[in-house]
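Below is one structure, written out as structure tokens, with a few remarks after it.
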Amino acid sequence: MKAARYWVMILIVFVPAAAWAQLSLPGVGPGLGLPDRTVGEASSKIIDPITGSLEADLLDRLSRSELTALLDRLRMDRTSRFLRDNRAHVERDENGDPAVRGILVATDISEASVSKAVASGFTVFERGRIDGLDLNFVKFSTRKGESLKSEQKKLQKIAREAEISGDNIYFTSATPSSCGGCGALPAALLAGGAAKTATIGLIDGGVARHGLIKIPVEQRGFAKGAPLASAHGTAIASLISMSRKDSGTGLLAADIYGSDPAGGNATAIARALGWMATRKIPVVTISLVGPDNGLLRRAIRSAQGKGMLIVAAVGNDGPAAPPRFPAAYKGVLGVTGVDRRHKALPEAGIATPVDFAAPGADIMGASPDGKTVPLRGTSYAAPLVAARLAAHYPAPDIAAIEKAVSALIGEAGILAKRARTRSMAMVWSAKIAPTDKYSDFLRGTD
């Protein structure tokens, strides 16, 4: 894909428009105990063990080793808590990542291998097809009493030509994710409208009605109980709305969480991408993070082959976190966040390839209760980049990708003109001079 050639560090900068505030660290929920003493005494001043809130202004005072230890511990605690609270619906796959319990997904599997798997005791749970992406898969139920981890290895031996994976779960990269539904609020009214001229797609939780969301929002659910309004999806939709010059241009929003404890899985994301492909959406933003997954990887590749540009957040699990997907897939535009001093957020992932950076702190957005709230995280940087990109790329057209991305680069300040690798290393020490006011950034003005 031509967009993949832009292995260059970009930073879109701004002058802060909101006061620094106490914010919530991604993945930290109420009642989460503090990490052990190896994190350092500073941790007791940063994480509130009752509310899970983060005193973000103190985060930068941690040493690199303390920051790494803190965020790594929180990432592991988030996963363990999620698995414990939803054990009837999720379990670990062979890599230790959360996935739908008892389900294995096979791509590129032959009928001969399907027959062998059934003869060995596996049950075909579903023969699926992703409309819009020309993608087929087969889901198998694991054998009674067997773990997903052991069954994944056994099925792979039977179907050596196929790729066998769990139906992995993807977390939001901003708010506490252990809830599965990502802050779903049944009482909140859904934003509505017919997005006939939509140029941006959002794959996240549902979007609530709010005064800051002035564009039509057409929603569709890809999980049990969806679409259902969520805090994360609503905040992102409000940023997209404020970023658009044309209020008549709508948003296509796919809720992959709903009220499903196993929502946010790879199958749901793939089906959401298929829906957007059938609607010919040119730019899709995804502020979710998780592991590499065979079905999701193929869905991304197929969507890109149809001219779709995908913008994804790199996540907030810190320097020790492994590469996060879908941002780490080839051709996906990975986005990190910067603070009011125009520095990359210290909690932002650095192993995931970065193409662009945008405001990820000092941002105000919509809340499902009708209020305006401060936001923090790479989740909120990604939609800002997507909105600006869509202004240069109004329709899916592979031949137009190079020109569109070049135009976006022209709007941004380049950190590493000669960068040969998509590495975060140069971002940390780079000197950035502010060029735009934040309000101008949202309006897309020069």
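Data table
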quantity: Yes/no for residue 250 being farther than 18 Å from residue 315 by Cβ and touching a residue at least 12 places away in the same chain (Cβ under 8 Å); calculated: yes
quantity: Inter-residue pairs, beta-carbon under 7 Å, first under 18 Å from residue 162 (Cα atoms) and free of Cβ contacts under 8 Å to residues at least 60 places away in the same chain and in segment 270-297, second open to solvent by 20 Å² or more (accessible area, probe 1.4 Å) and of a type in the set (A, V, I, L, M, F, W, C), 6+ apart; calculated: 292/325
quantity: Given (1) within 20 Å of residue 408 (Cβ to Cβ); (2) at pLDDT below 95; (3) of a type in the set (Ser, Thr, Tyr), number of the condition residue 287 does not satisfy; calculated: (2)
quantity: Any hit, segment 151-164, residues being modelled with pLDDT under 95 and not β-branched (Val, Ile, Thr); calculated: no
quantity: Any chance residue 308 is touching a strand residue (DSSP E or B) at 6+ places or on another chain (Cβ under 9 Å) and open to solvent by 10 Å² or more (accessible area, probe 1.4 Å); calculated: no
quantity: Among (1) among the small types (Gly, Ala, Ser); (2) at negative phi; (3) in a loop (DSSP other than H, G, I, E, B); (4) open to solvent by less than 20 Å² (accessible area, probe 1.4 Å) - the single one residue 299 does not satisfy; calculated: (3)
quantity: Counted residues, segment 216-256 - those being assigned to a loop (DSSP other than H, G, I, E, B) and open to solvent by 10 Å² or more (accessible area, probe 1.4 Å); calculated: 14
quantity: Set 145, 192, 180: member being crowded, with 16+ Cβ neighbours inside 10 Å, at pLDDT below 95 and out of contact with any helix residue (DSSP H, G or I) (no Cβ under 6 Å at 6 or more places or on another chain); calculated: 180
quantity: Selection within segment 315-330 - under 15 Å from the mean Cα position of the chain (by Cα) and over 17 Å from residue 361 (Cα atoms); calculated: 321, 322, 323, 324, 325, 326, 327, 328, 329
quantity: Selection count, segment 284-294, where residues are of a type in the set (A, V, I, L, M) and either surrounded by fewer than 24 Cβ atoms within 10 Å (Cβ to Cβ) or not in a strand (DSSP E or B) (or both); calculated: 0
quantity: Output for segment 71-88, where each listed residue is surrounded by fewer than 17 Cβ atoms within 10 Å (Cβ to Cβ) and either hydroxyl-bearing (Ser, Thr, Tyr) or under 18 Å from residue 141 (Cα atoms) (or both); calculated: 80, 87, 88
quantity: Test result for residue 337, closer than 21 Å to residue 201 by Cα, over 17 Å from the mean Cα position of the chain (by Cα) and not aromatic (Phe, Trp, Tyr); calculated: no
quantity: Close pairs from segment 146-161: first in contact (Cβ under 8 Å) with a residue 12 or more places away in the chain, partner open to solvent by 40 Å² or more (accessible area, probe 1.4 Å) and in a helix (DSSP H, G or I), Cβ under 7 Å, at least 6 apart; calculated: 158/116
quantity: Among residues of segment 261-283, those that are under 23 Å from residue 398 (Cα atoms), part of a helix (DSSP H, G or I) and not β-branched (Val, Ile, Thr), counted; calculated: 8
quantity: Boolean, residue 125 is among the aromatic types (Phe, Trp, Tyr) and under 24 Å from residue 305 (Cβ atoms); calculated: no
quantity: When residues of segment 266-283 are limited to those that are open to solvent by less than 10 Å² (accessible area, probe 1.4 Å) and more than 15 Å from the chain's Cα centre (by Cα), the one farthest from residue 389 (Cα to Cα); calculated: 274
quantity: Output for segment 195-210, where each listed residue is surrounded by fewer than 21 Cβ atoms within 10 Å (Cβ to Cβ) and closer than 12 Å to residue 239 by Cα; calculated: none
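The values are calculated or read from the model by the stated rules, or taken from the named source; none is laboratory data. Nothing here was measured: the structure is a model prediction, and the numbers come from that model. So basically every Cβ, Gly included, is an ideal-geometry build from the backbone, and we count neighbours across all protein chains shown. Accessible surface is based on the protein model in full, side chains and every heavy atom, while ligands, DNA and RNA are left aside. Shrake-Rupley method; radii C 1.70, N 1.55, O 1.52, S 1.80 Å.
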